[in-house]
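Each remark here refers to the structure printed beneath this line.
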Amino acid sequence: MTRFRTLAFAVALTGGATSAALADEPGPDWMSAEQVKEKVLKSGYTGVAEIKADKDHWRGEGVKNGQKMEFFVDPKTGALVIEKPVVE
C-alpha cells in the first residue's frame, strides 16, 4: 500500500510538471511578441506588462487611458480584437 501511495504521489508530481511544459506556443506564421507589443503601444497603450501566446491569439495586459486592461490580439495582423478592463 505504501508503494502505491508513493507511486501515485510521483505521478501527480510528474503530471503537474508535464502540464506546465504544455503551455501554448506561438504558431510558425504568427507575428513576434515584440511586433505585437509595438502595435499595441501605437494603439494607445502606455505600458504593456505581458504578452503571451494563448490558444489561437496573443493575450496580454497593459495600461490604456490610466486603466489596467486585458487585450487579445490577432496573431497574424496584430489587430486588437478584444480589450477589457482588468477587474481586481
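The values are calculated or read from the model by the stated rules, or taken from the named source; none is laboratory data. Every value quoted in this text rests on a predicted model; they were computed, and no experiment measured them. For neighbour counting, all protein chains shown are included, and Cβ atoms are generated from backbone atoms with ideal geometry for every residue, glycine included. To get the accessible areas, we keep the full protein, side chains included, count just its heavy atoms, and leave off ligands, DNA and RNA. Shrake-Rupley method; radii C 1.70, N 1.55, O 1.52, S 1.80 Å.
Observations on the structure shown:
- Selected residue (only one of K52, K76 is assigned to a strand (DSSP E or B) and among the basic types (K, R)): K52
- Neighbours by Cβ (under 9 Å, 6+ apart or cross-chain): first from segment 66-88, farther than 13 Å from W30 by Cβ; second loosely packed, with under 11 Cβ neighbours inside 10 Å and basic (K, R): M69/K84; E70/K84; F71/K84; F72/K84
- Note on segment 29-49: among residues that are assigned to a strand (DSSP E or B) and of a type in the set (G, A, S), the one that is least open to solvent (accessible area, probe 1.4 Å) is G47.
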